[in-house]
1. Mind checking which of Pro62, Pro51, Pro267 has the largest fluctuation in a GNM of the chain, springs on alpha carbons under 10 Å?
2. Considering amide H positions built from the backbone, and no H for Pro or chain starts, which residues 5 or more places from Ile233, or on another chain, come under 5 Å of its amide H?
3. Dividing the convex hull volume of the Cα atoms of the range 22-138 by its residue count, what figure in Å³ per residue is obtained?
4. Are there trypsin sites (Lys or Arg not before Pro) in the range 185-249 that DSSP puts in a loop and that have at most 16 other Cβ atoms within 10 Å, and which ones?
5. So which of Lys125/Lys201; Lys61/Lys254; Lys145/Lys196; Lys201/Lys253; Lys145/Lys201 end up more than 18 Å apart, counting from Cα to Cα?
6. Counting only residues 5 or more places away or on other chains, whose amide H sits under 5 Å from the amide H of Asn206 once H atoms are built in the peptide plane?
7. What angle do you read, to the nearest 10 degrees and between 0 and 90, between the alpha-carbon axis of helix 271-284 and the longest principal axis of the chain?
8. In square nanometres and to one decimal, what's the mean projected area of the convex hull around the Cα atoms of the range 1-90?
Amino acid sequence: MIIYMARDKNHYSSILEKLRERSASYRVASLYGKTLIIAWPDSLAEGLSDPSVEAVYRVRKPYVLTSREWKTENTLVNVRGVEIGGKRVIIAAGPCSVEDEEQMIDIARRLKSLGVSILRGGAFKPRTSPYSFQGLGEKGLKILKRISDEVGIPVVSEIMDPRDVNLFREYIDILQIGARNSQNFVLLREAGRSGKPVLLKRGFGNTVDEWLNSAEYILLEGNGSVIICERGIRSFETGTRFTIDIGGIALAKKLTHLPVCADPSHPAGRRDLVAHLALASIAAGADMLLIEVHPNPEKALSDSEQQLSIEEFSQLMDSMRSVARAVGRDI
């Protein structure tokens, strides 16, 4: 249950005392310019009356704050002037891993000239094998920060450890939480407390409900700037790396007010399929796409098979603009 506090009432100790008397659990959060009390179970919080209460919403979904049942309008996440969740489909692109500064600044300039709004690049890389390239770490974050300032483009990079939140806050505009950490609840809470926008990927074994429940952990800390990202789920299919859930994108758009992103690179696992999945994601309603692009994919230190060349990506941008226009949007 969500209890809206009246805008002109800063003192809500009386309603909290009533909740305590009923042995109800509660959390106070400030979201989207409103002070909210989330109370549970509903049976203990019903029927409360208090001058400080503006409205009460009983949400049927387990993900209370993430649901459209209390916030029907789309949430817009603003990242240094880039608005995610509006009419424009936002494209974030860049190599899987930050390999060196010269490579990154060249590709950042070329991608921006093609219409890319956000630069992606991994500094800390969660790899299946401990012997694979693990990223440049803090050095990679510093490279991303310098390029972001010089080129004038926001950056997104994956965070793996709650202890690194302050480090990422200094250098990165969007904290990406990857599929392997999508239910790392300590990390989710710390990302929520960071105040930074968060890109939350769906775990490869998570249902849509579980995905949205993970986002709930971030919102409950008072951080409403969350983008959820479909990146493919594990299935019996071996022809692709993962199975992108196009229906899940469409369903998420109906269930949540948060912007929905799609990552076509990881489920494709091969560059000749990336374009097809990207176009399908836009048609399904994705507000943002996260695409891996490398100046020389064959020599990439990670995910070489699925990264597009600049030329391939340029052609894809033209196709994405056409599909976006067909569904009443633009890029």
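The values are calculated or read from the model by the stated rules, or taken from the named source; none is laboratory data. Keep in mind the model is a prediction, meaning the values are calculated, not measured. Cβ coordinates were reconstructed from backbone atoms using ideal geometry, including for glycine residues, and neighbour counts include every protein chain displayed. To get the accessible areas, we keep the full protein, side chains included, count just its heavy atoms, and leave off ligands, DNA and RNA. Shrake-Rupley method; radii C 1.70, N 1.55, O 1.52, S 1.80 Å.
1. Pro51
2. Residues meeting the amide H criterion: Thr243, Ile244, Asp245.
3. In the range 22-138, the Cα convex hull volume per residue is 199 Å³.
4. Those that pass, being in a loop and sparsely packed, are Arg234.
5. Beyond 18 Å between Cα atoms: Lys145/Lys201.
6. none
7. It works out to around 30 degrees.
8. 7.0 nm²
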